[in-house]
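A short worksheet on the structure shown next.
Every number here is computed from the coordinates shown, using simple stated rules; none is lab data. All values derive from a computational prediction rather than experimental measurement. Here the Cβ positions follow ideal geometry from the backbone for every residue, glycine too, while neighbour counts run over all protein chains shown.
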Amino acid sequence: MYDISDLAGRSIECDCGHGHEVLIKHIEVESGAIDNLPDVCRKLFTGGNALLIADDNTYKAAGAKVYKTLTNHGFDADICMLKRPSVEYGADEMPASQPGIASPWEPADAIATDERSIVRIMVALKPDISFLLAVGSGTINDLVRFVSSRTGIPYVSIPTAPSVDGYASTVVPLLMDGFKRTVPGTYPAAIIADTDVLCNAPSSMIAAGFGDMVGKLTALLDWKLSHILDGEYLCQTSFDMMNSAVQKCLSDPSGIRQRKPDAIKALMEGLILSGVAMMLVGNSRPASGSEHHMAHYWEMKFSQKGLEQPYHGAKVGIATPVIASVYKKLMDMDEAQIKAMADAYTPISPSVRRQRIADAFGPLTDEVIAESSSVWLSEDAQKQRAQHIAARWPAIRDALRSSVLDPEEIKHLLASAGAAYSAEYINVDAGLLHQTLLNAMYIRTRYTILRLADDIGCLEGLAGEVIG
Ligand SMILES: [Zn+2]
Ligand SMILES: [Zn+2]
């Protein structure tokens, strides 16, 4: 297991052929971590004027203590209070969707990562501010990461919930004119995660963070699959780091539901480490695969229909056992079965693909085709691809088979942690689930088990079997 505080600021020797550097200078996940904030800020920053960004609830949860601790130690701090969301920390925030399972839905009036929120922060930003403090969960960190990258003012991330893996991330999913796009941001100078605060986070946010971690199970399988099949770059150090963090998180799911400090600490460390792993390899491969593509597809569908959104991690958690079923069914097939499918493979013409995408994505069709068509193969190349997969099948199966968790076991882990574990929780019916399995692969060009199933012509059949 990697000690997260030792990783901060380090260069990592690695035999993958790439140099790795952890650009975050200080990472701490401890009880009472906020008490160390003055020392950390003194060490990292030259000036003593801070701008603290929070909302009403995250201010109560941690911001007030951050403010008091810093001002008691000679710092000056301004406060930028963003619009109040309905989520309340330390309260029984939302009716559970089922006894023991936290609600997967995001509050409808949560602050958005949009132009308005950015301007709110910019207006509060006086010229003499030397560092920013992002006190909150995903959204506040996304906003501050953006402002920090454009102003050059460094920031400290002070998470208030173990809900997302974006604390160590450098990209910002920004809503502009109502459309979501990913824009560059920057990493925090330090992450100070106080487990006393995190243990009091709303249960729906803790459950969402757990779902996002569960998703790494299939994300890592997809990464290894692509590495074995096509030689895609895989850094074993980052892979192992991610894998051991996932295993640690999954070792005590009921501890997550009971908010045991050790379990919440393992969850927060896992979420931060997944950001670090992405930083090391330079993309989101260690943390995101076909389960994320399914989650993105649902997000798209829900927002097209103007529906309420479940938490990102809730969607990812629900998608993971579905992808694990796809893996399990494929891993049960031997070389002869895959070879027979490859021999019988019928290529798909670009016009048929276009029509499928139009049926599935509606108004987003052009965008999706622009994203995915760069990896479409000619009809001859498709036949060769199917044969290539058949030839590599023994190696793929040997490498992955023992790592594929049983889908029921994954559902059980989610349920034990109090996290939503099946599509019904987010009103995804069998029809939409089927459509998702067939079309999620068009959202990104990243290679996954769904694309492999498509490449050997069994995606449709598998989707039918998985949904049953
Ligand atoms: Zn995620
Ligand atoms: Zn490496």
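Listing for the model above:
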item: Some residue of the range 308-331 being loosely packed, with under 13 Cβ neighbours inside 10 Å and either over 23 Å from the mean Cα position of the chain (by Cα) or within 21 Å of residue 219 (Cα to Cα) (or both); result: no
item: Within the range 263-353, helices (runs of 4 or more DSSP H) holding 3 or more residues that are of a type in the set (Lys, Arg) and away from ligand 2 (no atom under 16 Å from the Cβ); result: 312-331
item: Candidate set: the range 1-54, residues that are of a type in the set (D, E, K, R) and touching a helix residue (DSSP H, G or I) at 6+ places or on another chain (Cβ under 7 Å); chosen: the one farthest from ligand 2 (Cβ to nearest atom); result: 35
item: Top-ranked residue of the range 127-172 - restricted to ones that are in a loop (DSSP other than H, G, I, E, B) and without any contact (Cβ under 8 Å) to a residue 24 or more places away in the chain, ranked as farthest from ligand 2 (Cβ to nearest atom); result: 127
item: Test: residue 358 is over 24 Å from the mean Cα position of the chain (by Cα) and in contact (Cβ under 8 Å) with a residue 24 or more places away in the chain; result: no
item: Enumeration of residues in the range 189-234 that are of a type outside the set (Ser, Thr, Tyr), more than 21 Å from residue 268 (Cβ to Cβ) and crowded, with 24+ Cβ neighbours inside 10 Å; result: 221, 222, 223, 225
item: Scan of the range 201-239 for residues that are among the acidic types (Asp, Glu), more than 16 Å from ligand 2 (Cβ to nearest atom) and more than 30 Å from residue 416 (Cα to Cα), ordered by number; result: 230
